[in-house]
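Data block below; observations after.
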Amino acid sequence: MGNNRSILVVSTKLVNVLLFLAAQSDHSDCDCILLAVLSHGEKGIIYSRDTAYKPEALWAPFTADKCPSLAGKPKLFFLQVK
C-alpha cells in the first residue's frame with residue numbers, strides 16, 4: 001500500500017482568480033462561506049508559489065459591498081501558516 005499525496009502549490013494569480021470567482025458567485029442559497037488555507041509564512045504574511053501576500057487579501061473580496069449575497073452571513077477563514 002502506497003501513500004499517495006497530492007500537493008497543490010498555487011500562484012498568487014490563481015489565488016486571486018479563485019477568490020474573485022467565489023466572490024462573484026450568487027450565495028443567496030448559502031448560509032455561510034468557509035475558506036481554508038494551508039501555507040507557509042511569517043507574522044502577517046502568507047507565501048504562495050510566486051510571492052507573498054497579507055491575509056486580509058483573502059477576506060477582502062467577501063465584504064458586503066463586494067459580495068452582497070453574503071452580507072450578514074458568517075464568513076469563516078481558517079489559516080494554517082507555518
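Tabulated results
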quantity: Hey, Ala64 among the hydrophobic types (A, V, I, L, M, F, W, C) and part of a loop (DSSP other than H, G, I, E, B) or not; calculated: yes
quantity: Filter result for the condition that a residue is in contact with a His (Cβ under 7 Å, 6 or more places away or on another chain) and within 19 Å of Leu21 (Cα to Cα), over Ser69, Ser48; calculated: Ser69
quantity: Count - residues of segment 11-47 that are among the β-branched types (Val, Ile, Thr) and loosely packed, with under 15 Cβ neighbours inside 10 Å; calculated: 2
quantity: Residues of segment 12-57 classified as under 14 Å from Lys73 (Cα atoms), under 14 Å from the mean Cα position of the chain (by Cα) and of a type outside the set (A, V, I, L, M, F, W, C), total; calculated: 0
quantity: Scan of segment 22-46 for residues that are closer than 14 Å to Ser69 by Cα and either touching a strand residue (DSSP E or B) at 6+ places or on another chain (Cβ under 7 Å) or assigned to a loop (DSSP other than H, G, I, E, B) (or both), ordered by number; calculated: Ser25, Asp26, His27, Ser28, Asp29, Cys30, Asp31, Cys32, Ile33
quantity: Close pairs (6 angstrom Cβ cut-off, 6 or more residues apart or separate chains): over 9 Å from Val81 (Cα atoms) and aliphatic (A, V, I, L, M) in segment 40-55, surrounded by 11 or more Cβ atoms within 10 Å (Cβ to Cβ) and at pLDDT 90 or above anywhere; calculated: Ala52/Ile45
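The values are calculated or read from the model by the stated rules, or taken from the named source; none is laboratory data. All values derive from a computational prediction rather than experimental measurement. For neighbour counting, all protein chains shown are included, and Cβ atoms are generated from backbone atoms with ideal geometry for every residue, glycine included.
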